[in-house]
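**Q** Would you mind keeping the following structure in view while I ask a few things?
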Amino acid sequence: MTTFVDRVELHIAAGNGGHGCASVHREKFKPLGGPDGGNGGRGGDVTLTVDQSVTTLLDYHHSPHRKATNGKPGEGGNRAGKDGQDLVLPVPDGTVVLDKDGNVLADLVGQGTSYVAAQGGRGGLGNAALASARRKAPGFALLGEPGDLGDIVLELKTVADVALVGYPSAGKSSLISVLSAAKPKIADYPFTTLVPNLGVVTAGSTVYTIADVPGLIPGASQGRGLGLEFLRHVERCSVLVHVLDTATLESERDPVSDLDVIEEELKQYGGLGDRPRMVVLNKIDVPDGKDLAEMVRPDLEARGYRVFEVSAVAHLGLRELTFALGDLVAKARAAKPKEEATRIVIRPKAVDDAGFTVTPEDDGLFRVRGEKPERWVRQTDFNNDEAVGYLADRLNRLGVEEQLMKAGARAGDGVAIGPEDNAVVFDWEPSMMSGAEMLGRRGEDHRFEEQRPAVQRRRDRQAERDESLQEYGDFDPFE
């Protein structure tokens, strides 16, 4: 059974905002006590947070669908809906968040580092919050906004100070088992290690972590063997240690050629050229291995490498190696720039930035894109004429109508607000008036009266009344 997973695709959904409430206060002898509809609650966020106790993405491999809770709708009596509960997903230190196209969204390193992967929807305003001096009793409320949803990829890159790299069966697992308390699987066949192993080493006052990266072979940078699957675990390591087998049974291999092959793969992978290197000649407890180590050591030192001859089995040369690695790690840590507190960056919008765009399209449609227009559309109840009129007023005040005129739109042209796959399309009827003074009785908007039979009947009765007054003078036959 798989116990280590370092790459998963996660399907996340934030909570939807609760709808606002349209309510009128009622009590004895006060049939119309004013609007008292409360606001809807905010939908819960989906947040990724680094947790040092988590070392694998296994939980998300088995359960890739995660959703936060929705906000509750508002209620009468000015009672706001309860906010949805945020969903916090713990991830290992060193997790990279990517979208489905491979673009990096966040790099989570350090205990407590968090990233909001999906934003919860806003709650809709109740009619109490929509009341104004001219709109004293709104007969509508705003809908809650849907929460974000989508797919992200979580990719784990091991956070360690030292990475042991080398051919399969070079003795990396044996070495990390004697340098630290780690207990990796050890056997006498290639690709014994199928997951990165981490160990903690103490060298005097320096404490550092060491990672055993699964064996690399020629072509690893192109995906051969386990290359691409685990080469990324080397990226965060400060020091690279080449573990070379001096007792290999393969006649075509030797420590120098092994080093050249691994260095070429690291070069092809890229981004590792500035890491300090060290060479460990392992298995000197074998007589032939000791002789070969003494033979190749001058050549390796001539290349500028610091070379150590060790035996993980016989525990030879380990103390010197431990303190040498501690010195390299201490120097690497000192060379790193000091971490500064996160700065709050304020980016004010330009004075002439309306926050939306109007773009004519080939089919005669005019598309409106912008955060505010699209959010307002999502929060509008199109079954309520007064709510639709309120949306029209907001768009007009924002300047959408003016920009449509400048773009060449005429009465009757199609206007779409939103992206192509999720837009509201309507026939544009320009209006030179806007505001609450256009509203009729509560729950009505005269811009939609022609669709209401009751309104037409009232108009007909009023027309008959006007004719009778003209015919009979002051006498009103309807009284």
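The values are calculated or read from the model by the stated rules, or taken from the named source; none is laboratory data. Quantities reported herein were computed from a predicted structural model and do not represent experimental measurements. Note that each Cβ is placed from the backbone with ideal geometry, even for glycine, and that neighbours are counted across all protein chains shown. Quick note on the areas: whole protein, heavy atoms, side chains included, nothing else; ligands and nucleic acids left out. Shrake-Rupley method; radii C 1.70, N 1.55, O 1.52, S 1.80 Å.
**Q** Is one or more of the residues making up segment 118-130 under 30 Å from Thr56 (Cβ atoms), touching a residue at least 60 places away in the same chain (Cβ under 8 Å) and either open to solvent by 70 Å² or more (accessible area, probe 1.4 Å) or not in a strand (DSSP E or B) (or both)?
**A** The answer is yes; a qualifying residue exists.
So that you can scan it fast, the table gives a plain yes or no per residue for (1) among the basic types (Lys, Arg); (2) in a loop (DSSP other than H, G, I, E, B); (3) under 27 Å from Ala160 (Cα atoms); (4) in contact with a strand residue (DSSP E or B) (Cβ under 8 Å, 6 or more places away or on another chain):
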| position | (1), (2), (3), (4) |
| --- | --- |
| Arg232 | yes, no, yes, yes |
| His242 | no, no, yes, yes |
| Leu249 | no, yes, no, no |
| Gly271 | no, yes, yes, no |
| Met278 | no, no, yes, yes |
| Phe308 | no, no, yes, yes |
| Ala324 | no, no, yes, yes |
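**Q** Since Ala334 meets every condition but one in (1) at pLDDT below 90; (2) in a helix (DSSP H, G or I); (3) open to solvent by less than 80 Å² (accessible area, probe 1.4 Å), which condition does it not meet?
**A** (3)
**Q** Right, something else. Scan segment 1-46 for residues that are among the charged types (D, E, K, R), at pLDDT below 95 and open to solvent by 60 Å² or more (accessible area, probe 1.4 Å) and report the count. Reasoning before the result, please.
**A** The first filter runs over segment 1-46 and keeps only residues among the charged types (D, E, K, R), leaving 6-7, 9, 26-28, 30, 36, 42, 45.
Then keep just the ones that are at pLDDT below 95; that gives 6-7, 9, 26-28, 30, 36.
Filter once more, keeping what is open to solvent by 60 Å² or more (accessible area, probe 1.4 Å): 7, 9, 26-28, 30.
The number of residues fulfilling the criteria is 6.
**Q** Collect the residues in segment 19-70 that are out of contact with any strand residue (DSSP E or B) (no Cβ under 9 Å at 6 or more places or on another chain) and within 30 Å of Val109 (Cα to Cα), keeping them in residue-number order.
**A** Here is the first cut: in segment 19-70, the ones out of contact with any strand residue (DSSP E or B) (no Cβ under 9 Å at 6 or more places or on another chain) are 19-20, 26-30, 39-43, 52, 62-63, 70.
Of everything in segment 19-70, those that are out of contact with any strand residue (DSSP E or B) (no Cβ under 9 Å at 6 or more places or on another chain) and within 30 Å of Val109 (Cα to Cα) turn out to be Arg42, Gly43, Gln52, His62, Ser63, Asn70.
**Q** Pick out the one residue from His19, His62 that is of a type outside the set (Gly, Ala, Ser) and touching a residue at least 60 places away in the same chain (Cβ under 8 Å). Working first, answer last.
**A** Working: His62 fails: touching a residue at least 60 places away in the same chain (Cβ under 8 Å).
Result: His19 is the single residue among His19, His62 that is of a type outside the set (Gly, Ala, Ser) and touching a residue at least 60 places away in the same chain (Cβ under 8 Å).
**Q** Follow-up question, since we're still on this one. Restricting the first residue to segment 354-378 and requiring it to be aromatic (Phe, Trp, Tyr), which pairs with a second residue that is in a loop (DSSP other than H, G, I, E, B) meet a Cβ separation below 9 Å and a spacing of at least six or different chains?
**A** Phe356/Gly399; Phe366/Ala407; Phe366/Gly408; Phe366/Ala409; Phe366/Asp413; Phe366/Trp428; Trp376/Leu142
**Q** Shifting gears a bit: Out of Thr69, Thr56, which single residue is of a type in the set (Ser, Thr, Tyr), farther than 28 Å from Ala128 by Cα and outside any strand (DSSP E or B)?
**A** So the residue among Thr69, Thr56 that is of a type in the set (Ser, Thr, Tyr), farther than 28 Å from Ala128 by Cα and outside any strand (DSSP E or B) is Thr56.
**Q** Sticking with this one: Identify, please: which residue in segment 131-147 is of a type outside the set (A, V, I, L, M, F, W, C) and farther than 22 Å from Arg375 by Cα and is, among those, surrounded by the fewest Cβ atoms within 10 Å (Cβ to Cβ)?
**A** Ranking the candidates gives Arg134 first.
**Q** Can I ask one more? Among the numbered conditions (1) more than 23 Å from Arg236 (Cα to Cα); (2) more than 18 Å from the chain's Cα centre (by Cα), tell me where Pro64 comes up short.
**A** (2)
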